[in-house]
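K.L.:
Mind having a look at this structure? Questions to follow.
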Amino acid sequence: MSRLEIILTCCLLGSFAFNVFVFVYARAAITRLLFVSEELGDLQQMTNAFANHVKSVYELEMFYGDQTLQHLMEHAVSFNEYLGTFEEIYVLTEEENKNDTEEEVEIDERETEDQTPA
């Protein structure tokens with residue numbers, strides 16, 4: 001082998017190793033991003049439920065006008081609005097989950113149709 005062939009072979013192997021590393025790293029980063037996206041979506045849903053619950057308790061005749069509950073409700077709503085700024089992140093997985101759910105419903109409908117006697 002000539003010196004040029006050795007240099008080109010080393011460059012090829014180095015490039016291949018670098019590409020494999022970048023692929024593995026990118027895949028791990030995307031996996032972490034999707035996990036965080038799912039968790040943010042769950043946090044948004046829990047905050048919505050909490051804000052609605054506090055609002056329903058505040059509207060009860062026994063607690064109506066209570067300043068502590070009113071401030072808690074305002075805080076929950078403002079926190080929920082702040083989480084809304086991250087919507088573009090957790091929408092990534094909601095669209096994926098929606099597509100998966102629609103596919104599962106279609107499969108269930110087909111199975112039901114297949115099992116129904118004619």
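Bear in mind that the values in this text are calculations on the coordinates, not laboratory data. All figures in this text were calculated on a predicted structure; none of them were measured in a lab. As a convention, Cβ positions derive from the backbone with ideal geometry for all residues, glycine included, and neighbour counts pool all protein chains shown.
K.L.:
How much length would be gained if the chain were fully extended between PHE23 and TYR64, taking 0.36 nm per residue of separation minus their Cα-Cα distance, in nm to one decimal? Walk me through the numbers before you get to the answer.
P.N.:
On the way: separation 41, 0.36 × 41 = 14.76 nm, distance 5.75 nm.
Result for the pair: 9.0 nm of gain on full extension.
K.L.:
Would you kindly derive the ³J(HN,Hα) couplings of region 29-42 from the backbone phi angles with the Karplus curve 6.51 cos²θ - 1.76 cosθ + 1.60 (θ = phi - 60°), listing them in order in whole Hz, with x for Gly and Pro?
P.N.:
Those phi angles translate into 5, 5, 4, 5, 4, 5, 5, 5, 4, 4, 5, 5, x, 5 Hz.
K.L.:
Separation between the MET1 and VAL57 pseudo-spin-labels, each 7 Å from Cα along Cα→Cβ, expressed in nm?
P.N.:
Distance between label points: 7.2 nm.
K.L.:
Measure out, as a whole number of angstrom, how far apart the alpha-carbon centroids of region 1-57 and region 62-97 sit.
P.N.:
28
K.L.:
Among rounded, prolate and oblate, which fits region 1-101 when a ≥ b ≥ c are the square roots of the eigenvalues of its C-alpha gyration tensor, a/c under 1.5 means rounded, and a/b larger than b/c means prolate?
P.N.:
Details: a/c = 7.61, a/b = 4.25, b/c = 1.79.
Judged from the Cα gyration tensor, region 1-101 comes out prolate (a/c at least 1.5, a/b above b/c).
K.L.:
With equal scatterers on the alpha carbons only and no solvent term, can you work out the Debye log10 of I(q)/I(0) for region 2-59 at 0.13, 0.23, 0.30 1/Å?
P.N.:
Normalising to I(0) and taking log10 leaves -0.60, -0.88, -1.03.
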